[in-house]
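Right, one structure below, let's go through it.
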Amino acid sequence: MNESAPELDAQVKDSKPGDDIERSLYAKRQKIYPREVHGLFAALRTMGVMTLLGLYYIVPWLQWDERQAVLFDLPERKFYILNMVFWPQDFFYLTLLLIISALGLFFVTALAGRVWCGYACPQTVWTEAFLWIERKVEGARPKQMKLDKEPNSFRKTRIKATKHFLWITFSIFTGLTFVGYFSPMRDLAVNFLTFDNGPWETFWIYFYAFATYGNAGWLREQVCLYMCPYARFQSAMFDKDTMIISFDAARGLPKGPRKKSVDKKQVGLGDCIDCTICVQVCPTGIDIRDGLQYQCIGCAACIDACDDVMDKMDYPRGLIRYTTENTLLGQPKHILRPRVIVYALILIGITMGAFYSILTRTPIAMDVIRDRNSLYRETNDGLIENVYIIKLLNMDKQDHTYLLSAEGIPDLVLKKDSATIFVKSGEVIELPVRVQVDADNLTQRSNELTFTLKAADDDNLTVIEEARFLGPTFK
């Protein structure tokens with residue numbers, strides 16, 4: 001039998017917070033209609049969105065030395081970034097970039113909370129773009145809610161179809177741009193318009209378009225709430241001096257509606273008029289007045305909305321503001337603290353090291369591989385000989401002629417097919433060489449040997465590689 005309504009109400013009142021969370025995971029999603037807000041932080045967010053989207057869509061079209069300025073050419077295994085060319089052998093720099101990005105995120109989070117999520121996260125950036133399109137087509141928040149409640153009609157279908165058409169078009173352009181970082185953008189765009197793209201290019205264009213359309217158009221806050229791991233472990237980087245968006249309960253409570261002319265102290269109310277606008281503007285639909293929550297992405301929309309209400313009520317701004325837990329408790333705040341200093345020092349050190357390494361990198365790669373088929377052999381002249389395969393990669397943008405030498409053992413002789421080695425730009429060659437040594441000059445069975453490769457036209461293009469020379473066993 002079905003339980004009565006009073007019994008159900010009693011169960012809800014007696015339920016634990018964990019039960020509410022469990023029910024919310026299985027509850028049907030209630031669409032969130034974020035209210036448009038204006039103010040300082042909204043302007044900063046708009047500026048960030050326009051800057052990031054502008055860079056994303058414009059950079060693939062820029063040219064540098066008659067080629068695309070930024071191009072990750074996977075078939076050719078060349079990665080162009082302005083005047084620099086990186087190769088798979090430079091994968092180390094990608095590792096450094098990921099480490100720097102992670103440390104930068106930790107540093108910013110410890111210092112200023114989730115500003116990355118609120119202003120620069122791709123999910124936030126594209127969701128803001130999709131919300132802008134939605135407002136232009138369907139109107140402001142009340143009109144959107146009214147439209148969704150209307151029965152199906154030609155007008156509703158036309159408006160919805162227009163919105164989704166613009167969303168899909170924008171998503172396809174986004175996917176096309178994404179692939180343009182890996183395939184020459186200008187040729188890619190022409191081939192796309194003429195339906196002449198290859199199968200993989202076509203797949204990735206529409207795959208990324210579908211991901212953009214789904215994440216920014218449909219999932220929105222669900223990506224932040226259920227899919228993004230950062231929301232789950234961010235609290236490990238917070239402390240009582242981390243800048244967070246908070247509601248000043250001491251000042252705002254008790255909350256309640258009132259007219260502007262009413263003296264709040266006489267009626268026993270705080271500054272919060274319980275207008276719920278802070279909830280209406282929140283892209284994740286939370287109530288910041290309930291305290292810090294993992295769903296908060298730090299976009300500061302509630303700050304702008306609350307400041308606007310405070311201005312209309314002639315109350316001081318800052319009822320909702322960026323602050324720290326220590327500040328709210330009336331305790332001194334500490335901007336410079338051990339974790340922030342450690343993050344900053346490590347981040348600066350690795351960043352400077354990465355830039356120095358990139359600026360001083362030698363665009364030559366040399367691998368010395370000793371012939372493993374035989375330890376050594378004795379020539380007709382009585383010399384001990386080791387055979388090596390020298391693999392050379394010219395990572396420079398120009399062709400070069402190189403000189404190869406070896407040292408480390410007295411009176412060694414380096415035998416190779418030609419005195420000079422010519423390698424084209426981007427070319428990999430394998431060069432067999434032989435090293436011959438008088439047995440009397442060997443002091444041990446395994447001897448250190450160094451090969452030096454130097455460009456004939458540029459002494460700065462030099463690389464040194466160590467190897468081992470094996471000889472007979474001496475007693």
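The values are calculated or read from the model by the stated rules, or taken from the named source; none is laboratory data. Please read all numbers here as calculations on a predicted model, not as lab measurements. Please note: Cβ atoms are built from the backbone with ideal geometry, for glycine as well, and neighbour counts cover all protein chains shown. Ligands, DNA and RNA are excluded from the accessible area calculation, which covers all protein heavy atoms including side chains. Shrake-Rupley method; radii C 1.70, N 1.55, O 1.52, S 1.80 Å.
Before moving on, here are some points about what is shown:
- Site-free segments of the chain were taken between chymotrypsin sites (Phe, Trp or Tyr not before Pro) in DSSP loops having at most 10 other Cβ atoms within 10 Å, sites themselves excluded; the longest one is 196-473.
- C-alpha long axis of helix 301-313 to longest principal axis of the chain, angle in °: 30 degrees
- Surface analysis of the range 52-117 yields an accessible area of 57 Å² per residue, using protein heavy atoms and a 1.4 Å probe.
- Between the entries (1) 109, 61, 55; (2) 76, 50, 39; (3) 72, 70, 43, the label attached to Cα extents along the principal axes in Å calculated for this structure is (1).
- Cα centroid of the range 262-292 to Cα centroid of the range 25-102, whole Å: 37 Å
- Angle in degrees between helix 122-138 and the longest Cα principal axis of the chain, rounded to the nearest 10: 40 degrees
- Cα-projected label distance for Ala112 with Phe92, points at 7 Å along beta-carbon direction, nm: 3.3 nm
- 10 Å-binned pair-distance histogram of the range 57-123 (Cα, whole percent): 18, 32, 33, 16, 1
- Theoretical ellipticity at 222 nm over the chain - DSSP helices of four or more residues, -39500 (n - 2.57) apiece, nearest 500: -12500 deg cm²/dmol
- Among the protein heavy atoms of the chain, carbon and sulfur supply 61% of the accessible surface, probe 1.4 Å, non-protein parts ignored.
- When the range 99-235 is reduced to its Cα atoms, the Kirkwood hydrodynamic radius in Å: 17.3 Å
- Nearest-0.05 FRET efficiency for Tyr181 and Lys260, computed from C-beta distance (R0 41 Å): 0.15
- Average projection area in nm² (convex hull over Cα atoms of the range 369-458, one quarter of hull surface): 6.4 nm²
- Thr202 paired with Lys397, simple spin-label distance in nm, labels 7 Å along Cα-to-beta-carbon: 3.5 nm
- Exposed GluC sites (Glu not before Pro) absent: longest stretch of the chain, with sites in DSSP loops and at most 16 other Cβ within 10 Å deemed exposed: 77-426
- Unsatisfied cross-links (Cα-Cα over 28 Å) in the set Lys136/Lys260; Lys28/Lys146; Lys28/Lys149; Lys31/Lys163; Lys260/Lys333; Lys265/Lys312: Lys136/Lys260; Lys260/Lys333
- Relative contact order of the chain, defined on C-alpha pairs under 8 angstrom at six or more residues apart (%): 13 percent
- Whole-number accessible area per residue in Å² for the range 247-293, which is evaluated in the context of all protein chains at 1.4 Å: 53 Å²
- Kirkwood Rh in Å, taken over all unlike Cα pairs in the range 58-97: 10.7 Å
- Förster radius 30 Å - calculated FRET efficiency between Ala43 and Arg141 (Cβ-Cβ, nearest 0.05): 0.95
- Per residue, the accessible area of the range 310-393 comes to 63 Å², computed with a 1.4 Å probe over protein heavy atoms only.
- Bins of 10 Å, starting at 0 and running to the largest distance - Cα pair percent for the range 260-400: 8, 18, 17, 12, 10, 10, 9, 7, 5, 2, 1, 0
- Degrees separating the helix 199-212 axis from the principal Cα axis of the chain, which is the longest one: 30 degrees
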